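A short write-up of the structure that comes next.
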Amino acid sequence: MLDLPTLEDAEFLQGETEKVHDAMHVASMIQTILIVASLVILLNIYGIMQKREKLIEVEKARAEETSRAKSSFLSNMSHEIRTPMNAIIGLQSMALRDPDLTPKTRVQLEKIMSRIESGKVVVKNEEFSFRDFLEQINIIINGQCEEKGLTYICNVSGSVKDYYIGDDLKLKQVLINILGNSVKFTEAPGEVELNAEVLSQEDGISRVRFSMRDTGIGMDKEYLPKIFETFSMEDESSTNSYGGSGLGLAITKNLVDMMGGEITVESEKGVGSVFAVTIPLTESDRKNPEEQETGLSKENGAALDEKSERILSGKIILMAEDVDQNAEILSDLLELEEIESERAVNGAEAVRMFYESAPGYYAAVLMDVRMPVMDGLEATRRIRALNHPDAKDIPIIAMTANVFDEDVERSLNAGMNAHLSKPVEPEKLYETMAGLVMERGGTDK
């Protein structure tokens, strides 16, 4: 006999079904809540990421702006310093040519040149005499030490070569910057010491370490990690006591890095400091002091100089220079080599004078970069675009206090053939002009 569900059974089944429905509804609500919560979390994370990206963009923009500001500051500072220095070096170079100059005055003028050259930043890789290199440093630092009543010591050890190939000017600036600080922060009776030592020699490369020790005021160990940072000074009040902008050691570190070297420092407050600069230098086999720096014999070098003099003698140079004193000195330097010059006071006038000149009249153009009315870069671009027989190949040489790599690149991109920095080095100027004139093939006026 078939048993049919009773009313009680039906009510029980209905209750269980409702419980199942309720459970499913709760589960659905929980799932919905979890989905919503996940979306909220994801949206929050996305918002945080967007904010972080914006912050990164803002910080990047601020860093770029700071970098541009510092670069502009350094470029302007370099230009403002080098422009008046151009006049000093020009006058000094002409004074040294005076045959009636007394030996004492000649030595003093050469010391001035050594001090000036120590501050230049010019990229080069040339052969130099290690003895002369150290002698120039010693003349400067020993003179400073004598003025303050300090003892100066210089020692050389290891298998040092007579000549090396490298950037002696940058290296000289590095050592003078550090030794100059040693003198500045050391009081009498104190000591400043320079030690040059060859650490290793391999594959024609010498690793030379220059150790500089002083008995000065020293520095706290906590400050040492910041010492090479730009505008860094341990004590701001030291600016008033000793002078300085906080740029010296930052620039020094940059120069050492550019030469593939390394710099370290140890210091103790009230005891003194020791800086060590290690630089790789290419070895040279040259030993004969009578040979020219080019590696030519003295006779061949003299013949080359005579040929250069013949090429430049009687040439007419277009000189674009807005500063009267600089123009006068440059004209005198050219006249010493029997080179004639005609002056334009700005870039626009230089373009006009060149355009109105007869073919072959000017042998070269010496172009200042910063000038009123029209700068040298724009003037060069316009000269190159002129319908003139010499427009495309006349040598145009930038002469400017702008000495950073980007300045050189801008000069070359504008159409210039060479970039010479102020203060002007007369021999470098003559050499550059002679080389470009010979390269062009010009032998007549």
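Report yes if VAL156 is among the β-branched types (Val, Ile, Thr), surrounded by 12 or more Cβ atoms within 10 Å (Cβ to Cβ) and modelled with pLDDT under 75, otherwise no. For VAL156, the condition - among the β-branched types (Val, Ile, Thr), surrounded by 12 or more Cβ atoms within 10 Å (Cβ to Cβ) and modelled with pLDDT under 75 - is not met. Answer yes if at least one residue in the range 169-182 is within 21 Å of ARG286 (Cα to Cα), in contact with a Lys or Arg (Cβ under 8 Å, 6 or more places away or on another chain) and surrounded by fewer than 21 Cβ atoms within 10 Å (Cβ to Cβ), and no otherwise. Within the range 169-182, one or more residues are within 21 Å of ARG286 (Cα to Cα), in contact with a Lys or Arg (Cβ under 8 Å, 6 or more places away or on another chain) and surrounded by fewer than 21 Cβ atoms within 10 Å (Cβ to Cβ).
The strands (runs of 3 or more DSSP E) found entirely in the range 337-429 that carry 2 or more residues being touching a Phe, Trp or Tyr at 6+ places or on another chain (Cβ under 9 Å) are 340-344.
Remark: pairs (first residue in the range 353-373, farther than 16 Å from LEU429 by Cβ and among the hydrophobic types (A, V, I, L, M, F, W, C); second residue open to solvent by 20 Å² or more (accessible area, probe 1.4 Å) and part of a helix (DSSP H, G or I); Cβ separation under 6 Å; 6+ apart in sequence or on different chains) = VAL373/ALA348.
Whenever a residue of the range 401-415 is under 17 Å from ILE251 (Cα atoms), its partners that are buried (at least 19 other Cβ atoms within 10 Å of the Cβ) and at pLDDT 70 or above, lying with C-beta atoms within less than 8 angstrom and at least six residues away or across chains, give the pairs ASN402/VAL369; ASN402/SER421; VAL403/SER421.
Among the candidates ARG370, ARG343, ARG382, ARG352, which residue alone is in contact with a Ser or Thr (Cβ under 8 Å, 6 or more places away or on another chain), open to solvent by 20 Å² or more (accessible area, probe 1.4 Å) and at pLDDT 95 or above?
On the way: ARG370 fails: at pLDDT 95 or above; ARG382 fails: in contact with a Ser or Thr (Cβ under 8 Å, 6 or more places away or on another chain); ARG352 fails: in contact with a Ser or Thr (Cβ under 8 Å, 6 or more places away or on another chain).
Criteria check complete, one pass: ARG343.
Would the range 126-137 turn up any residue that is surrounded by 14 or more Cβ atoms within 10 Å (Cβ to Cβ), in a helix (DSSP H, G or I), basic (Lys, Arg) and at pLDDT 85 or above? No, the range 126-137 contains no residue that is surrounded by 14 or more Cβ atoms within 10 Å (Cβ to Cβ), in a helix (DSSP H, G or I), basic (Lys, Arg) and at pLDDT 85 or above.
The values are calculated or read from the model by the stated rules, or taken from the named source; none is laboratory data. Quick caveat: nothing in here was measured; it's all calculated off a predicted structure. FYI the Cβ positions are ideal-geometry reconstructions off the backbone, even for glycines, and counts take in every protein chain you see. Calculation scope for accessible area: heavy atoms of the full protein, side chains included, ligands and nucleic acids excluded. Shrake-Rupley method; radii C 1.70, N 1.55, O 1.52, S 1.80 Å.
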